[in-house]
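Peer 1: The structure is given below, and queries will be raised subsequently.
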Amino acid sequence: MDIERKVVWTIKKYSLMKKTDKVVVALSGGKDSTSVLYILKKLGYNVEGLMIDLYLGEWSEIHRRNMERFCLENEVPLTVVDLKKEIGQGICFVKAVLAKKKGLTGCTVCGVIKKWVLNRWARKLKADVIVTGHNLDDEAQNVLMNYLKGNVELGIGMGPATGHGKVEGFIQRVKPLFFVPEGEVRKYAQEKNFDILYDRCPCALGTYRVDTRGWMRENMTDEAKRDVVDGFMARSAGIRDKNLDVREIMKCEVCGEVCRGKVCKFCEIVRCV
């Protein structure tokens, strides 16, 4: 099954979106988000691009120019969020301060910030769903990382559709590339001659995810990755069915965003900057 048919199958199997939905694709500028935007547009979905300018120097500038050109050529509306205007600083400054104050890794900080910004802006754009470019390798990494860290419960909601579902104020996040190996996405993007960078984030060095990715690349086949993901999803479904994940959905007392406690992760770690 080729990548486009896998996307069609995943959307249908997990009811990720409808042709009448307004679909906002979170664009990083890399192969995954560019490919999924292209495929969804080709399939006839009502897509828009949403990109965060993280201010990672030339790397961010090149990605932004590439996506502006790509969206123009493919007649896709694009919104670029200026992170400095949104939170007052670029990502490098925020990560440096939080690493010193709270000992948090750059990837953790970046992930929290991006989720917060994407939900706010997808809501402003009146999106029905937010599409991310997470692929099979990403998901297998999450399973292994959570297991090795003893945080298996963090993945209970794992699947092609994640988050809080129909909760007011939260835009459902979906992952059409959920079952597509990273290698297949790379091959697809190269065959389509997408004018993009294939370099990884310049800040993703020496992290637990980078180490996990390297180990998987050397020791796991695509079939093994699929087995890991399928196995975990089957087990976590049983837990959800027993209603063991009963954390209350709330609104952050600081910013008003949907969260699992009185204060959301963004405000908990970032507002101190």
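Taken together, the values in this text are just the output of simple stated rules run on the coordinates, not laboratory data. Everything numeric in this text was worked out from a predicted model, so none of it was measured. Please note: Cβ atoms are built from the backbone with ideal geometry, for glycine as well, and neighbour counts cover all protein chains shown.
Peer 1: Debye calculation, C-alpha points only, no solvent: report log10 I(q)/I(0) for region 24-155 at q = 0.09, 0.12 Å⁻¹, in the same order as the q values.
Peer 2: Reported log10 I(q)/I(0), two decimals: -0.30, -0.53.
Peer 1: Along the charge dipole of the chain, pointing to its positive end and built from +1/-1 on Cβ of Lys, Arg, Asp and Glu, which listed residue (Val112, Leu78, Gly29) has its Cα farthest out?
Peer 2: After comparing all options, I get Val112.
Peer 1: Looking only at the chain, where both bridge partners belong to it, what percent of the DSSP beta bridges are antiparallel (to the nearest 5)?
Peer 2: 20 percent
Peer 1: Sort 177-190, 249-262 by packing, meaning the average of other beta carbons within 10 Å per residue, with the highest value first.
Peer 2: The most tightly packed comes first, giving 177-190, 249-262.
Peer 1: How high is the relative contact order of region 3-270, in percent, with contacts defined as C-alpha pairs under 8 Å that are six or more residues apart?
Peer 2: The normalised contact order for region 3-270 reaches 22 percent.
Peer 1: Quick one: length gained pulling Asp128 to Trp9 fully straight, 0.36 nm per residue minus the C-alpha distance?
Peer 2: So the chain would gain 40.9 nm between Asp128 and Trp9.
Peer 1: Now, a different point. Can you list residues whose amide H is under 5 Å from Leu78's amide H, if they're 5+ apart or on another chain and H is modeled 1.01 Å from N?
Peer 2: Gly49
Peer 1: Determine ³J(HN,Hα), in whole Hz, for all residues of region 76-85 in sequence, where each value follows from phi through the Karplus function 6.51 cos²θ - 1.76 cosθ + 1.60 and θ = phi - 60°; x replaces Gly and Pro.
Peer 2: 10, x, 10, 10, 10, 8, 7, 5, 5, 6
Peer 1: Largest first and to the nearest Å, give the Cα extent of the chain along each principal axis.
Peer 2: 45, 43, 40
Peer 1: Would you work out the charge dipole size for the chain about its Cα centre, treating the Cβ of every Lys and Arg as +1 and the Cβ of every Asp and Glu as -1, and quote it to the nearest 20 debye?
Peer 2: 760 debye
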